[in-house]
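These notes concern the structure reproduced below.
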Amino acid sequence: MEDVSYIYFESTTARMERSNRRLWIVIIILIVALIGTNAGWIYYESQFQTVETSTQIEAQQDGGINIVGGGDVNYGAESESHNEDTDTTA
């Protein structure tokens with residue numbers, strides 16, 4: 001075994017103490033950030049209300065298509081054009 005000089009030992013010890021202190025600071029910051037983000041999500045989710053409605057829907061089935069009567073439905077211009085390549089009702 002070789003003897004280690006006192007100055008080398010003290011400098012290494014001081015360096016490790018600074019490193020450990022920095023690691024503890026990072027750990028504390030990460031814990032605070034974790035708690036903060038969870039609190040933020042809880043606050044965000046608490047802004048909404050769950051509303052349940054119970055209404056009866058009348059539906060009739062023609063062939064394999066289920067048509068639900070509930071008013072006018074406009075699917076836009078794409079539904080008006082008929083593409084023969086994607087037609088699966090052969």
Which condition number does residue 78 fail, the rest of (1) at pLDDT below 90; (2) not in a helix (DSSP H, G or I) being met? (2)
Restricting attention to segment 1-12, which residues are assigned to a helix (DSSP H, G or I) and loosely packed, with under 10 Cβ neighbours inside 10 Å? 6, 7, 8
Could you tell me which residue of segment 38-61 is modelled with the lowest pLDDT, considering only residues that are in a loop (DSSP other than H, G, I, E, B) and of a type in the set (A, V, I, L, M)? 57
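The values are calculated or read from the model by the stated rules, or taken from the named source; none is laboratory data. Just so it is clear, the model here is predicted, and its values are computed rather than measured. We place every Cβ from the backbone using ideal geometry, glycine too, and count neighbours over all the protein chains shown.
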